[in-house]
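Working notes, structure below.
Every read-out reported here was derived from the displayed coordinates using simple, explicitly stated rules and does not represent laboratory data. It should be emphasised that the depicted structure is a prediction, and the values quoted were computed from it without experimental measurement. Positions of Cβ are generated from backbone atoms using ideal geometry, with glycine treated the same way; all protein chains shown enter the neighbour counts.
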Amino acid sequence: MSTSQTVELSERPAELPGPKARHFVERDQRVMAPMGRVYPLVIDHALGCEVWDVDGHRYLDMTSGIAVLAAGHCHPRLVKTIQDQVTRFTHMAGTDFYNEPMIKAAEKLVSLMPGGAGWQVFYTNSGTEAIEASIKLARYVTGRQNIIGFYGAFHGRSYGSLSVTASKPRQREGFFPLLPGTFHTYYPNCYRCPINLTHPACGIACLDLIEETLFRTTTPPSEVAAIVVEPIQGEGGYLVPPEGALVKLREICDRHGILLICDEVQSGIGRTGKMWAFEHEGIVPDIVASAKGLGGGLPIGAMIARAELAQRWLPGAHGNTYGGNGLTCAVMHDVLSLVEEELMANAATVGAHLLAGLQALQAEFPQIGVVRGRGLMIGVEFIEPTSGVPDHDLAEAIMQEAFLNNLLVLTCGASTIRFCPPLVLTHAEADEAIERLRQVLTICVRS
Ligand SMILES: Cc1ncc(COP(=O)(O)O)c(C=O)c1O
């Protein structure tokens, strides 16, 4: 495949951030609590995969606002749904009262789960709350307390989710003690094997450590309620586990009566070319946590559990105020329809094109250690070419230089640039992203 040398790139803006953006950044710093913004993008408006800032600069968005905008910015169908729903009703406490949008959206979501039936939905407002609900349900129905997560995992910032998260020490520093009974083990990462073996000869031995080490030294399996796993580790570096890893995890869970919770907050809703990333391995989890792409930009999440588990929650055992909000559910329904009808297939085909184009850049830039991903969830890991060690500073510099070259990307893991664009990305936009990255790399590796 060619990475289209003919893509016309617009001029790099003379001054970034522009005067209006600088003005907003100053105002922001006075009233907003510090959050660690990555670069000074101040959005004015957006459409599809394009974003314009308050100074009129245009950017190609490879972030989707952290893997959220499945249907792209301001998709006309979702804009219409919002306009229609907002004039009927927005909120009427879904945990206390019934409404059609929440039922219709749950029906759609269940129809997109394995088997298309036998699941029940609990609505949340975010990913972290979907994980909280999943952990609480797992403890509730098993009567067990312990939860196993993975090094590198990110599941959110509230206490339960944070306890299973093991992504960056900064996220936990100052917040201990966390939830007792949470343990971590190695995520299968064949590019940097945590136990220095080679796949496939190893038989995914890193997962054997759950039974051979954790269960023999740290927690009896009979006290483990759930294993929580991202089918593709997101914040940890867009790590795609080797084939068979999720099957092996499912088998370990089954052997010990442990529930398998798949965190699909970042990898779900068609992003990898299938509705759920776990489908690439043909496994069926017990509980799925979803958010991000689900609301197409409106805040909604969901815990989807096998019905026989969800039904065991006594009324009032768990709840919230905004779950089942009419507006977010109406949009969620249409996002799911769009994903099913066209976006998932587009993520697979344009994702394969983008992956191949980024992989082709490896021949030109030895600083690219590996390009990996599925669909439109792609990571480019940067290394110091002679030693092969992750080059965090280079990845950071590339992200900053990309912004100056009208390309919005984010980092993840130690030294990875992630591409998680809206699922409406076209082949031409993928080519533009590759070409802009080439331009950025040329600047960064020569400076
Ligand atoms: C895999 C995963 N789980 C959970 C979360 C938390 O979601 P939220 O920020 O909506 O609470 C994130 C956020 O990045 C995520 O990537």
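Observations
- Estimated translational D of segment 298-447 in µm²/s (Stokes, Kirkwood radius over Cα pairs; 20 °C; 1.002 mPa s): 120 µm²/s
- Spherically averaged projected area of the convex hull of Cα atoms, segment 76-339: 14.2 nm².
- Distance between segment 131-206 and segment 49-111 - C-alpha centres, whole angstrom: 30 Å
- ³J(HN,Hα) computed for each position of segment 335-343 - Karplus, 6.51 cos²θ - 1.76 cosθ + 1.60, integer Hz, glycine/proline x: 4, 4, 5, 4, 4, 5, 6, 9, 5
- Pair D208, L9: separation of 7 Å Cα→Cβ label points (nm): 4.8 nm
- Charge tally in the Cβ shell below 10 Å around E384, where Lys, Arg are +1 and Asp, Glu are -1, E384 excluded: -2
- Residue order, fewest to most beta carbons within 10 Å, for S163, S64: S163, S64
- Computed extension length for Q362-T321: 9.9 nm, one decimal, from 0.36 nm per residue of separation with the Cα-Cα distance subtracted.
- Semi-axis lengths, largest first, of the ellipsoid equivalent to the chain are 34, 28, 20 Å, with √(5λ) applied to each eigenvalue of the Cα gyration tensor.
- Vicinal HN-Hα couplings computed from phi for segment 300-308 (Karplus, 6.51 cos²θ - 1.76 cosθ + 1.60; Hz; Gly/Pro x): 8, x, 8, 9, 10, 10, 3, 4, 5
- Computed extension gain for E281 through R446, at 0.36 nm per residue and net of the alpha carbon distance, reaches 55.3 nm.
- Spin-label pair A428/L197, simplified geometry with 7 Å Cα→Cβ offset, distance in nm: 5.0 nm
- Per-pair calculated FRET efficiency, R0 = 25 Å: L47 and K104 via Cβ, rounded to 0.05: 0.40
- Relative packing of peptides 312-325, 431-444 - highest average C-beta neighbours within 10 Å first: 431-444, 312-325
- Only lysine pairs 8 or more places apart, or on different chains, with alpha-carbon atoms under 23 angstrom apart are counted in the chain, and they number 11.
- Sorted peptide list for 126-134, 42-50, criterion being average Cβ within 10 angstrom, highest first: 126-134, 42-50
- Table column - 3J(HN,Hα) (Hz), segment 194-199, Karplus curve with 6.51, -1.76, 1.60, x for Gly and Pro: x, 10, 6, 10, 10, 8
- Given their separation in residues at 0.36 nm each and the Cα-Cα distance between them, L178 and T349 gain 57.4 nm when the chain is fully extended.
- Those residues of segment 117-152 whose amide nitrogen sits under 16 Å from the label point placed on S222, 7 Å along Cα→Cβ: 142-146
- Dividing the summed helix terms, -39500 (n - 2.57) for each DSSP H run of n ≥ 4, by the number of residues in the chain produces a 222 nm estimate of -10500 deg cm²/dmol to the nearest 500.
- Here the relative contact order of the chain, from alpha carbon pairs under 8 Å that lie six or more residues apart, stands at 23 percent.
- Sorting 141-149, 291-299, 202-210 by their mean Cβ neighbour count within 10 Å, with the most densely packed peptide first, gives 291-299, 141-149, 202-210.
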